[in-house]
Amino acid sequence: MVATPPLTIRRLGPADIALMRDLNALFGEVFDDPVTYGDAKPDDAYLAALLGREHVAVLVALAGGTVVGGLTAYALDKAERARREIYLYDLAVAADHRRRGIATSLIAHLRAVAAESGTWVIFVQADPDDAPALALYGKLGLREDVHHFDIPVPPRG
């Protein structure tokens with residue numbers, strides 16, 4: 001039996017461009033969307049700036065230095081009250097590392113990040129037919145049935 005390397009969860013910073021690229025590759029694989037996560041890759045300067053922003057949280061789960069899971073989340077400062085919400089945008093775990101508590105650990109780490117910044121809630125969307133995501137999020141929070149709309153923005157110029 002091969003020993004599994006210990007799992008480490010950490011927040012990426014501006015120097016972690018290679019890990020961010022590995023996470024995007026994992027997202028493309030897990031979401032079966034290599035075009036969105038693989039084509040038109042941002043340059044290193046863009047990724048370094050993004051990872052340096054206080055309102056952007058990118059967390060990775062590393063096993064032996066390899067990205068086996070991760071999430072991206074964005075803090076939104078609210079206008080109706082002096083408070084902040086975090087939108088958990090992407091969360092994925094490699095197929096051969098699922099059912100080991102990695103997604104739950106990533107969210108627990110995000111909750112700690114959120115608490116440090118005075119965030120009052122983390123919210124996330126899940127597709128109605130994504131049973132594993134619905135089960136995970138259902139055990140961690142309250143479900144709201146809402147509709148999501150993408151409103152196109154005209155190109156600049």
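The values are calculated or read from the model by the stated rules, or taken from the named source; none is laboratory data. This one's a predicted model, so the numbers in the text were calculated from it and none came from an experiment. Positions of Cβ are backbone-derived with ideal geometry, glycine not excepted, and every protein chain shown enters the neighbour counts.
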**Message:** Tell me the residue from 49, 45 that is of a type outside the set (Val, Ile, Thr), surrounded by fewer than 12 Cβ atoms within 10 Å (Cβ to Cβ) and not in a strand (DSSP E or B), please.
**Reply:** 45
**Request:** Give the residue, chosen from 150, 96, 44, that is closer than 23 Å to residue 17 by Cα, without any contact (Cβ under 8 Å) to a residue 60 or more places away in the chain and acidic (Asp, Glu).
**Result:** 44
**Asked** Which residues, taken from region 79-103, are surrounded by 13 or more Cβ atoms within 10 Å (Cβ to Cβ), not basic (Lys, Arg) and not in a loop (DSSP other than H, G, I, E, B)?
**Response** 85, 86, 87, 88, 89, 90, 91, 92, 93, 97, 102, 103
**Message:** Yes or no: region 58-78 includes at least one residue that is surrounded by fewer than 20 Cβ atoms within 10 Å (Cβ to Cβ), assigned to a loop (DSSP other than H, G, I, E, B) and on the phi < 0 side of the Ramachandran plot.
**Reply:** yes
**Complete:** When (1) closer than 23 Å to residue 135 by Cβ; (2) at pLDDT 95 or above are applied to residue 66, the one that fails is (1)
**Request:** Please give the number of the condition residue 143 fails out of (1) basic (Lys, Arg); (2) loosely packed, with under 14 Cβ neighbours inside 10 Å; (3) under 21 Å from residue 31 (Cβ atoms).
**Result:** (3)
**Request:** Sort through 21, 10 and tell me the only one that's assigned to a helix (DSSP H, G or I), among the charged types (D, E, K, R) and closer than 18 Å to residue 94 by Cα.
**Result:** 21
